[in-house]
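Below is one structure, written out as structure tokens, with a few remarks after it.
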Amino acid sequence: MTEVTDRLQAVEESISTAAAKAGRPRDEITLVAVSKTHPAEIVREVFDSGHRVFGENRVQELLAKAPLLPEAIRWHLIGHLQKNKIRKALPHCELIHGVDSSELAEDIDRIAGELGLYPRVLLEVNVSGEESKFGFTPETLRSQFENLLQLSRVQVEGFMTIAPYSTDPEHSRPHFEALRKFRDEMAQFAGVPLPGLSMGMSGDFQIAIEEGSTLVRVGTAIFGERPQRT
Ligand SMILES: *Cc1c(COP(=O)(O)O)cnc(C)c1O
């Protein structure tokens, strides 16, 4: 075992512990190993240990890495998707976590039609009300949700949020709880199941699992510190 696969195993164990503590089945939770900034060789080590779901936040980087790695990798796009990258990104992504406006969803829908795809997406919600964030406000999403569900190609499977940075994971809990409650409200209102809740990162994924997360996006705790991006 390598350092990285050791850390992967430790994260897996923490996920199982948090699931058990919350009385949830482990298989309700998908670990998205966030490989951004890390080279394909390291991703392959993690792949070779049996892991399959990886997350990137930049389309350019995903497109550079994917051809160097096995096709069995299931790539998730976790960051903000720029409109001019949709066409290239769609064929590679199992799930797009960060759809943050109706315009973007409509563009994805149109391009998916041209490509013959049915992309699965999560809508990013800014439940914390932080100014600088991407994401729908809950009010905007309430008013646009029915239209989003009408899109013929895009499959809305749930929501995603990023908690404000804090060194205390307990500070993330109210944001995760708010997203879960928002999901319950929208599922009831629209009469559709919205099983996907993407919340929790290296610092707070255990809390997120206690609050109902089904997709944890974990980078640093598996791959180590990232070099600073310029
Ligand atoms: C980088 C990133 C993560 C992973 O963050 P870590 O703290 O390294 O686990 C999760 N979600 C998004 C959207 C990211 O950009």
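The values are calculated or read from the model by the stated rules, or taken from the named source; none is laboratory data. Predicted model only: the values in this text are computed from it and were never measured. Cβ sites come from the backbone with ideal geometry, for glycine too, and all protein chains shown count toward neighbours. Keep in mind that these areas ignore ligands, DNA and RNA; they rest on the heavy atoms of the full protein, side chains included. Shrake-Rupley method; radii C 1.70, N 1.55, O 1.52, S 1.80 Å.
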| message | What's the number of the only condition in (1) within 16 Å of the ligand (Cβ to nearest atom); (2) at pLDDT 95 or above that Pro164 fails to meet? | response | (2)
| remark: Gly224 meets each of (1) crowded, with 19+ Cβ neighbours inside 10 Å; (2) near the ligand (Cβ under 10 Å from one of its atoms) with one exception, condition (1)
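For the subset of the stretch 134-148 comprising residues that are away from the ligand (no atom under 16 Å from the Cβ) and open to solvent by 60 Å² or more (accessible area, probe 1.4 Å), which member is farthest from Ala105 (Cα to Cα)? Outline the logic, then answer.
Taking the stretch 134-148 and keeping what is away from the ligand (no atom under 16 Å from the Cβ), we get 137-148.
Those left that are additionally open to solvent by 60 Å² or more (accessible area, probe 1.4 Å): 139, 142-143, 146-147.
Numbers: Glu139: 17, Arg142: 15, Ser143: 15, Glu146: 13, Asn147: 10 Å.
It comes out as Glu139.
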| said: If I go through the stretch 183-221 residue by residue, how many of them are within 15 Å of the ligand (Cβ to nearest atom) and either in a loop (DSSP other than H, G, I, E, B) or among the aliphatic types (A, V, I, L, M) (or both)? | reply: 17
| field | Pairs with Cβ under 7 Å, 6+ apart, first in the stretch 171-195 and among the acidic types (Asp, Glu), second buried (at least 16 other Cβ atoms within 10 Å of the Cβ) | value | Glu177/Glu211
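Does Glu61 count as part of a helix (DSSP H, G or I), within 16 Å of the ligand (Cβ to nearest atom) and free of Cβ contacts under 8 Å to residues at least 24 places away in the same chain?
On the way: part of a helix (DSSP H, G or I): yes; within 16 Å of the ligand (Cβ to nearest atom): yes; free of Cβ contacts under 8 Å to residues at least 24 places away in the same chain: no.
When the stated conditions are applied, Glu61 does not pass them.
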